[in-house]
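So the structure is just underneath, and the comments pick up after that.
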C-alpha cells in the first residue's frame, strides 16, 4: 500500500508543479487552489509512505516521478522541446527510480 500511495503522491507532485506554473505567481485563483490541494495531498501521501519506505528511497522515487511527469507534461502539453537527449535523460531518471525500488 505504501508504494501505491508513494506513486500517487509523485503524480500529485506533477499536478502541483504544473498548477504552480499556471497560477502566474498565484494571481489566478483556480490554478492556485489546485496547487495548494495537490501540494497538501502529495506531501501527506509522501509522509504516509515514509512510514514503511526508507526516506532516501521514498523521497528519490517521489521526486523522480514528479520530475519525469512534469517534464513529460511540459513536452506533450506545453510545447517544450522534446529532443532525444532530453528524453534519454528522462529515461535515465526512470531507470534510477526503478533501481531504487528494485533494490529496496
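Where a number appears in this text, it was derived from the coordinates with a stated rule and is not lab data. Note that the structure is a prediction, hence the values are computed from the model and not measured. As a convention, Cβ positions derive from the backbone with ideal geometry for all residues, glycine included, and neighbour counts pool all protein chains shown.
Just one of (1) 15.0, 45; (2) 12.4, 36; (3) 14.4, 43 is Rg and Dmax of the Cα atoms in Å as worked out from the coordinates here. Which one is it? Computed from these coordinates, Rg and Dmax of the Cα atoms in Å corresponds to label (3). You can think of it this way: the chain between residue 94 and residue 80 has 3.1 nm of extra reach, that is 0.36 nm per residue less the Cα-Cα gap. Using the Cβ-Cβ distance between residue 22 and residue 2 with R0 set to 30 Å, the FRET efficiency works out to roughly 0.50. Comparing Cα centroids, region 55-96 and region 9-29 end up 16 angstrom apart. The mean sequence separation of alpha-carbon pairs under 8 Å and at least six residues apart, normalised by the residue count of the chain, gives a relative contact order of 33 percent.
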